[in-house]
1. Using a ≥ b ≥ c from the Cα gyration tensor of segment 35-83 (square roots of the eigenvalues), is it rounded, prolate or oblate, where a/c under 1.5 gives rounded and otherwise the larger of a/b and b/c decides, a/b for prolate?
2. Long-range amide H contacts for GLY108: which residues qualify at under 5 Å (H placed 1.01 Å from N, peptide plane, sequence gap of 5 or more or a different chain)?
3. Give me the aspartates and glutamates in straight-line cross-link reach of LYS155: C-alpha distance below 19 Å, same-chain residues under 8 apart excluded.
4. In a shell of Cβ-Cβ distance under 13 Å around GLU30, excluding GLU30 itself, what net charge do Lys and Arg (+1) and Asp and Glu (-1) give?
5. Under a 5 Å amide H to amide H cut-off, with H placed in plane at 1.01 Å, what residues pair with TYR40 once short-range neighbours are removed?
6. Given a Förster radius of 22 Å and the C-beta distance between GLN67 and ASN102 as r, what FRET efficiency does 1/(1 + (r/R0)^6) yield to the nearest 0.05?
7. Can you pull the percent of segment 61-108's accessible area that's carbon plus sulfur, 1.4 Å probe, other chains left in place?
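The values are calculated or read from the model by the stated rules, or taken from the named source; none is laboratory data. Nothing here was measured: the structure is a model prediction, and the numbers come from that model. In this analysis, Cβ positions are derived from the backbone assuming ideal geometry, glycine residues included, and neighbour counts consider all displayed protein chains. Heads up: the accessible areas ignore ligands, DNA and RNA and are worked out on the full protein's heavy atoms, side chains in. Shrake-Rupley method; radii C 1.70, N 1.55, O 1.52, S 1.80 Å.
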Amino acid sequence: MDHVWSPWRYKYIASADRQEGCLFCRIDQERKDVENYVIYRARLNLVVLNLYPYTSGHLMIAPYEHQASLAAVSEAATTEMIELAKSAQLALEAEYHPDGFNIGMNLGRSAGAGVADHLHLHVVPRWTGDANFVSVVGETRVLPEDLATTYEKLKKHFS
């Protein structure tokens, strides 16, 4: 049997359900951008790496407004969110050269939202064959780099 080791992720997994309050509101209020992997703070949204990425470069764009519904977020925030998604796509193309992207939202727990009370947009670079037997059968993802490296690569594109 082969083993895939990722010991740096233990601190995230061990504390995931222990955090009080809203993840995105906490990240915004803490102002610990490097520790929380905040790539960019725009006027109405923040861009942050996903701590549990599907692929390297998986990031999220969340409005500062604490809303669960897309319809409840201001037009200005949603417009900026889409513009940030376009910037994220360009940054990810420049650094990772993916074959495609998944860009979208899961609104509500039944739709797969891990953070159901604060909407956010996922930008996920994809490569042909990135969903191999390990991720499909083993429900395990193998990522070629740690989050700190991904953070450094992408942050420079949002300065």
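1. On the way: a/c = 2.14, a/b = 1.78, b/c = 1.20.
Prolate, because a/c is 1.5 or more and a/b exceeds b/c.
2. Those qualifying (amide H under 5 Å, at least 5 residues apart or on another chain) are ALA113.
3. Cross-link targets: ASP28, GLU30, ASP33, GLU35, GLU80, GLU83, GLU93, GLU95, GLU145, ASP146.
4. Working: positive: ARG26, ARG31, LYS32, ARG41; negative: GLU20, ASP28, ASP33, GLU35.
Summing Lys/Arg as +1 and Asp/Glu as -1 gives 0.
5. Close amide H contacts, sequence-distant or interchain: VAL47.
6. On the way: r = 22 Å, r/R0 = 1.01.
Efficiency computed from Cβ-Cβ geometry: 0.50.
7. Values: 1310 of 2480 Å².
Ligands and nucleic acids excluded, carbon and sulfur give 53 percent.
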